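These notes concern the structure reproduced below.
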Amino acid sequence: MKKLFYSFSFLLVSALLVNTAYAQTPQSQSSSRPMSDKSMSDRLQKDLSNRNSGISNQQLNWFESNDGFYTNYSINNEEYMSRYDKEGNYIESMRKKAWNDQVPANIRTSFDNSNYKSQNVSGYWEVSDDNRKGYYMELKDDNGKMTKVWVDDKGKFSSTPFKAKPNN
């Protein structure tokens, strides 16, 4: 009976450890899909065009994710991404930057000390809104698997976007 109890206890503890390790492993956010709601797409297009006259003539392709909606676009040969929450409220816009020596030192140091340090930065974005700070990174491992992470201005990493009040 003791042997059965110890075996069961070992299995239970092992299952808990595996579950905990998995929960702390960065998960790739690959659940993006083209937006299917035309009225929401039109609403977001109109709002973003009002915020930024540089895109008024561009027809944007919108995507849905677990966190809301986003689109990528270009203005004067610079790449941008804008995000909205699930209700269609504006969150932020980000400008794509080079991952080089211009990256803030605390962000580079945090990356070098993070669980992501073995991955290659394939995309690095800085929030371009005046009243917000933050970063978004697209990372690839040696097998080509992409991981998306967000970084706050203190260098804290998250596999989901940081919660923010919508900017109106």
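Which residue pairs have Cβ atoms closer than 6 Å, lie 6 or more positions apart in sequence or on different chains, and pair a first residue in the stretch 141-155 that is in a loop (DSSP other than H, G, I, E, B) with a second residue that is of a type in the set (S, T, N, Q)?
Within 6 Å, the pairs are ASP141/GLN119; GLY155/ASN106; GLY155/SER110.
Just the residues that are among the hydrophobic types (A, V, I, L, M, F, W, C) and under 25 Å from SER159 (Cβ atoms), please, taken from the stretch 41-76. If you could, list the steps in order and put the result at the bottom.
The first filter runs over the stretch 41-76 and keeps only residues among the hydrophobic types (A, V, I, L, M, F, W, C), leaving 44, 48, 55, 60, 62-63, 69, 75.
The answer is LEU44, TRP62, PHE63, PHE69.
Condition check: more than 16 Å from the chain's Cα centre (by Cα), among the small types (Gly, Ala, Ser) and surrounded by 13 or more Cβ atoms within 10 Å (Cβ to Cβ). Does SER110 satisfy that? Break it down stepwise before answering.
Values: more than 16 Å from the chain's Cα centre (by Cα): yes; among the small types (Gly, Ala, Ser): yes; surrounded by 13 or more Cβ atoms within 10 Å (Cβ to Cβ): yes.
Yes; evaluated as a whole, the condition is true for this residue.
Looking only at the stretch 118-134, count every residue that is farther than 14 Å from TYR80 by Cβ, assigned to a strand (DSSP E or B) and not small (Gly, Ala, Ser) and tell me the total.
The number of residues fulfilling the criteria is 2.
Go through the stretch 141-151 residue by residue and tally those that are within 15 Å of the chain's Cα centre (by Cα) and more than 16 Å from SER32 (Cβ to Cβ).
Qualifying residue count for the region: 1.
Here are some conditions: (1) surrounded by 10 or more Cβ atoms within 10 Å (Cβ to Cβ); (2) within 19 Å of THR160 (Cα to Cα); (3) at pLDDT below 95. TYR22 meets all but one. Which one does it not meet?
The number of the failed condition is (1).
Listed here are the residues, each with its yes/no results for (1) over 13 Å from the mean Cα position of the chain (by Cα); (2) at pLDDT 95 or above.
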| position | (1), (2) |
| --- | --- |
| MET94 | no, yes |
| SER114 | yes, yes |
| GLY123 | no, yes |
| SER128 | yes, no |
| SER159 | no, no |
| PHE162 | no, no |
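Could you list, in sequence order, all residues of the stretch 108-132 that are under 23 Å from ASP67 (Cα atoms) and either touching an Asp or Glu at 6+ places or on another chain (Cβ under 6 Å) or among the β-branched types (Val, Ile, Thr) (or both)?
Scanning the stretch 108-132 gives VAL121, SER122, GLY123, VAL127, ASP129, ARG132.
Would you confirm, using the coordinates I've provided, whether THR109 is more than 23 Å from GLU79 (Cβ to Cβ) and touching a residue at least 40 places away in the same chain (Cβ under 8 Å)? Before you say what the answer is, go through the steps one by one.
Working: more than 23 Å from GLU79 (Cβ to Cβ): yes; touching a residue at least 40 places away in the same chain (Cβ under 8 Å): yes.
So THR109 passes the test.
Kindly provide the set of residues from the stretch 63-89 that are more than 18 Å from ARG33 (Cβ to Cβ), touching a helix residue (DSSP H, G or I) at 6+ places or on another chain (Cβ under 7 Å) and either surrounded by fewer than 18 Cβ atoms within 10 Å (Cβ to Cβ) or of a type in the set (S, T, N, Q) (or both), ordered by number.
ILE75
Against the conditions (1) without any contact (Cβ under 8 Å) to a residue 60 or more places away in the chain; (2) within 18 Å of SER159 (Cβ to Cβ); (3) not in a loop (DSSP other than H, G, I, E, B), where does GLU79 fall short? Just the number, please.
So the condition that GLU79 fails would be (2).
Out of everything in the stretch 46-62 that is touching a residue at least 24 places away in the same chain (Cβ under 8 Å) and over 17 Å from VAL127 (Cα atoms), what residue ends up being surrounded by the most Cβ atoms within 10 Å (Cβ to Cβ)?
Taking the stretch 46-62 first, the residues touching a residue at least 24 places away in the same chain (Cβ under 8 Å) are 47-48, 51-52, 61-62.
Imposing the further condition that a residue be over 17 Å from VAL127 (Cα atoms) reduces the set to 47, 61-62.
Working: ASP47: 16, ASN61: 12, TRP62: 22.
For the stretch 46-62, the residue satisfying everything is TRP62.
Go through the stretch 29-72 and give me each residue that's more than 13 Å from ARG83 (Cα to Cα), assigned to a loop (DSSP other than H, G, I, E, B) and of a type in the set (Ser, Thr, Tyr).
SER30, SER31, SER36, SER56
The values are calculated or read from the model by the stated rules, or taken from the named source; none is laboratory data. In this text, all values refer to a predicted model and were calculated from it rather than measured experimentally. When we count neighbours, we look across all protein chains shown, and the Cβ atoms used for this are built from the backbone with ideal geometry, even at glycine.
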